[in-house]
Amino acid sequence: YSDAEKLTKMDLATNLYNHKTFHEYLDVLVTQCQKQPFNLSLGLMDLDLFKGINDRQGHGNGDMVISTAAAIILDNLEANDFAARYGGEEFAVIFTEKTPEACLAILEKIRLDLEAVVFDTMPEEVVTMSIGFTPFTPEMSKTDLFEAADSSLYAAKENGRNQIQWAS
């Protein structure tokens, strides 16, 4: 991408794609998948109790947590995977050409890597994330896929956080 394109497609704080680009890409993939099925899955991630970190540790540390989480996500993804910063402390990953089991293994590695980070400026804080995961099936719409992953994310939070819930 050119610099100008990058500004419209990327979240500059994290080097992940932005919310708008995520939706555009998911639209394209879902349309392709409905015509000619391939493995497509969606993971939604939310940093647990992030507001508390911001309140206790200040926004500078909050920003560092977000950029660290983004870097861990990018480190664990493979060539065909696509990661976006979906909202303030929310991330989304679109997986293509992978079995649900392979996707879940990557998401679990991201979850464990984040939990293991010790931040120099706040060594006592353990940062965790809740994750909702859904594989796409051809009878789903894009909205169905997104809502299934979102309700799985909600279930992960309701169930005690720092875990993956899977809507199959």
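The values are calculated or read from the model by the stated rules, or taken from the named source; none is laboratory data. What you see is a predicted model, and the numbers here were worked out from it, not measured in a lab. Protein only, heavy atoms only, side chains kept; ligands, DNA and RNA dropped before computing areas. Shrake-Rupley method; radii C 1.70, N 1.55, O 1.52, S 1.80 Å.
Kindly express, to the nearest 10 degrees and within the range 0 to 90, the angle between helix 59-76's C-alpha long axis and the longest C-alpha principal axis of the chain.
It is inclined by approximately 40 degrees.
Going through the cross-link list 51/157; 51/109; 9/109; 51/142, which pairs have a Cα-Cα distance over 22 Å in this structure?
Where the Cα-Cα span goes over 22 Å, the pairs concerned are 51/109; 9/109; 51/142.
Can you give the helix-only mean residue ellipticity at 222 nm for the chain, where every DSSP H stretch with n ≥ 4 adds -39500 (n - 2.57) and the sum goes over all residues, rounded to the nearest 500 deg cm²/dmol? Walk me through the numbers before you get to the answer.
Numbers: 6 runs with 84 residues, N = 168.
Helix-only estimate at 222 nm: -16000 deg cm²/dmol.
Probe of 1.4 angstrom, ligands and nucleic acids ignored: what's the accessible area per residue over the range 32-152, in square angstrom?
Counting only protein heavy atoms, the per-residue value for the range 32-152 is 44 Å².
Can you send over the carbon and sulfur percentage of the accessible area for the range 27-93, probe radius 1.4 Å, protein chains only?
Whole-percent figure for carbon plus sulfur exposure: 48.
Top mean-square fluctuation among 105, 156, 84, Gaussian network model of the chain, C-alpha springs under 10 Å?
Taking springs between Cα atoms under 10 Å, the residue moving most is 105.
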